[in-house]
Structure formats: C-alpha cells, structure tokens
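Laboratory data are not the source of any read-out in this text; all were calculated from the coordinates shown. Not measured: the values here are computed from a predicted model. Here the Cβ positions follow ideal geometry from the backbone for every residue, glycine too, while neighbour counts run over all protein chains shown.
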Amino acid sequence: MKSQNALHFSVPLMAMMLLLVLPSGLLSAADSLDVSRLREGSEAWNARRAAETGFVPDLSGADLKGRKFRGFDLHGARLAGADLGQSDLSGANLSGACLDSSNCQGTLLDGAVLKGASLRGSTLDGVVLEGADCSGADFSGADLRRAECSKAGFRGANLQNAHFREASLRSVDFSGADLRGAYLWRAVLDGAVLMGVKVSDTTVLESGRYADAAWAAANGAVSMAELIVPTAVAAHASSQDQTRRVTASGGKKEGNSRVNSVLNLWRRTGPVDAPYDAAQFEMVKSDWREWNRLRRQNPSMRVNLTEARYDHKNLAQINLQGADLQKASLRGTDFSQSDLRGADLRGANLSEATLVDVDLAGADLRGAKLWRANMSRTRLNRAKVSAATILDSGKPATGEWALKHGALYMAD
C-alpha cells in the first residue's frame, strides 16, 4: 500500500519540479510580435504607440530580464508574470499597465510613471522607484524589501499587505494610501508624508510595533478596523477574480502560468505517510524564491509543515507566515530575515537555529525549544510563550521575560 502511495505522489511531484525548471519563455503568453517590436528601440516603439491608439502590447510572461527600456511608452501594457528583473525602465510610462505577479527584482524604475498600474503580488525586492509616480497604483501583496523609493509618490495607492522591510522611503508621499497590513519594519521614513493614510492593527511600523489609534492620531493617519475575510470566501473571491481576468483577456490568463500550474498541482497532491504536505515540504527545501512568490500570489493558502524536518537547512528570507510547524525539527536551521509571523511552532525544536532579524510576531512558541538559538534582533511582539518554552539561555520562559520582549505569557 505504501509503494502505491509513493508512486501516486512521485508522479505529480516530478511534474511540479519540471514546471519549476522549464524556461519561462515556453510558458509565456506574450505576443511574439510585440516582443520583437521592443528591439526596434524607444523612438520607433513610441511612434507606433502614438500612431496606433488602439494598440495594447501583450507582453504577459515575457522574459525581458536585463533589457533597456528607458523612456518606453508602455501605458496600459499587459506585463503580468513578465520577468523584468535587472531591466532599466527609468522614465518609462507604465500608467495603467498590468504587472501583476511580475518579477522586477533590482529593476530601475526611477522617474517612471506608474499611475493606476497594477503590481499585485509582484517581486520588487531592491527595485529603484526614486521619484516615480505611483499614485493610485495597486501594490497589494507586493514584495518591496530594500526598495529605493525616495521622493516617490504613492498618493492614494493600494499598499495593503505590501512588504517594505528595510526600504528607503525618505520624503515619500503616502497621502491617502492604504497601508493596512503593510510591513514597514526597519524601513526609513524620514520626511514621509502620512496624512490620511489608512492603517490597522496589522500594520507593522518601522519600529516593529503595530499601528494603533494613538500613532494614527499623531501622524494624521486614519486607524481602521481590520476586515477579516474567511479563508473559504477569500479563496472563492480569488478564483472569481481569476475567471474575470481570463474572460477579459480573451481566454488567455494574465499572470505567471508556471505558478498557476503549480498551484493546481498542489491542490491535487496530499501528504504521503507524513503529517505534512509533501509537495510544500519539497518546494520549501528546494526553491525559496519560487515559494515566496507563490505565497504572495496565494496568501490564503494553508501551509502544513507539521513535524517537517529541516535540520541545518538554509531557509533564510523564506515566507512561512501563518505556517503550521508544530513539532517540526528545525535544529541549526538558518532562518535569517525570514517571516514567521503567526506561525504555529508549538513543540518545535529550534535549538541552535539562526533567528537573526526574524519576525516571530504573533507566533505560537509554547513548548518550543530555543536553546542556543541566535535571537539577535528577533521580533517577538505578541508571540505566545509558556513555562514549557525553553529560551536561548536554556531557561524556561517567564512572565517577566515575556513582558520585556513584548511577548504574551500563557498557560500551556
């Protein structure tokens, strides 16, 4: 019986891994003619856009990594799922463009116009948006860690659940922007305009504290109650939204088809002789960047890694927010700069793990073992601990320790 189960699992898992290594061009939905026209240069491209007012470039999923598009007129373009990593789009016009789930890691977008553009769930780690006009744009769920956004305009932008950790936000205009659920830990906000921004008790400030009514009043912001949407409803809404986008694009999906295929595969694949999801376990272990992208695009996905063994693995910068890691073996694991907010780590073994700059806010650490773990600059706001929690010192957690670190001391 076990061999049949193993066979049942191995086939879809191999298919999933094959999808991950296939060149993105093979799964691209981009119009090859539109891609080839880009090579003509900005002057010819912009002249065509001016002459053909109905021309809407379809570059969805295209591999445009490391290319130069300075000053290109890409307003309204379809760039969902495109790879623009390390490309130069300085001064480009991307107003109203769709860049959902795109890769803009390290991309130059200084002085670019992104008014009303959609970048939901996009990877913008290390992007340069200095002086860019992002007013009214949708960056919900986008990864903007270490982004250079000085003097950019995010007026009225949707920044819900956007990740701005260690980003430079000097003199940024956030007037009227929606920052509910946004993550600003260690971002630099010197001179930023926050008048009228929406925040909630899930907004993480640059200090690591959560936004509250007092902070909002002091900064001219608006404190709003967080609307909790049941997972089933959120999943249904996401499915409906995807259906609408497919219909609107004439049957072609906007977004990363590789990721969508993997998601569908995950829904068919379950754990085999293990309490954790085997496909999730393998992906976390093999490709953290693809995993993080998947989490951004499917935030309501349940992560089941109960009793998983990642001893001495490198899981730095991974997104395991809300993951079920009960009784997981994580001895000596490197979680540097990882997001473990709200994770269930009850009974997990984190002895000698590297937890430098890790966010454990709201995580459940009751019964967890943290002996000799490196907890330098670890964020523990509202993390749950108990007498059964063994600290890095080897001593059990106490109410006094919890109070000092902003954690919650609870009975087992």
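Restricting attention to segment 305-412, the count of lysine pairs at 8 or more positions apart or across chains with alpha carbons under 22 Å apart stands at 11. In plain terms, the chain from Q86 to A217 could stretch by 43.2 nm, reckoned as 0.36 nm per residue minus the Cα-Cα distance. Remark: K384, K327 ranked as K327, K384, counting other beta-carbon atoms within 10 Å and listing the fewest first. For segment 303-357, a/c is not less than 1.5, where a ≥ b ≥ c are the root eigenvalues of the C-alpha gyration tensor, and a/b does not top b/c. That puts it in the oblate class. With the Cα gyration tensor of segment 305-412 giving a ≥ b ≥ c as the square roots of its eigenvalues, does the rule (a/c under 1.5 for rounded; else a/b larger than b/c for prolate; else oblate) give rounded, prolate or oblate? It is rounded, given that a/c, with a ≥ b ≥ c, falls under 1.5. The Cα center of segment 92-163 and the Cα center of segment 388-412 differ in position by 40 Å. Remark on V222: its backbone amide H falls under 5 Å from those of G196, V197, K198, V199, a criterion applied only to residues 5 or more positions apart or on other chains, H modelled at 1.01 Å from N. Put simply, the amide H of L408, placed in the peptide plane, has neighbours under 5 Å in R382, A383, K384, V385, leaving out anything fewer than 5 places away on its chain.
Ordered by the number of other Cβ atoms lying within 10 Å of each residue's own Cβ, fewest first, L59, L79 fall into the sequence L59, L79.
For the pair segment 329-361 and segment 203-218, the centres of their Cα atoms are 25 angstrom apart. When a/c reaches 1.5 or more, the comparison of a/b and b/c decides; with that in mind, is segment 75-119 rounded, prolate or oblate per its Cα gyration tensor? The shape class here is oblate.
With neighbour counts taken as other beta-carbon atoms within 10 Å, the residues S351, S32 rank, fewest first, as S32, S351. The slack in the chain from D412 to S207, taken as 0.36 nm per residue of separation less the alpha-carbon distance, amounts to 70.8 nm.
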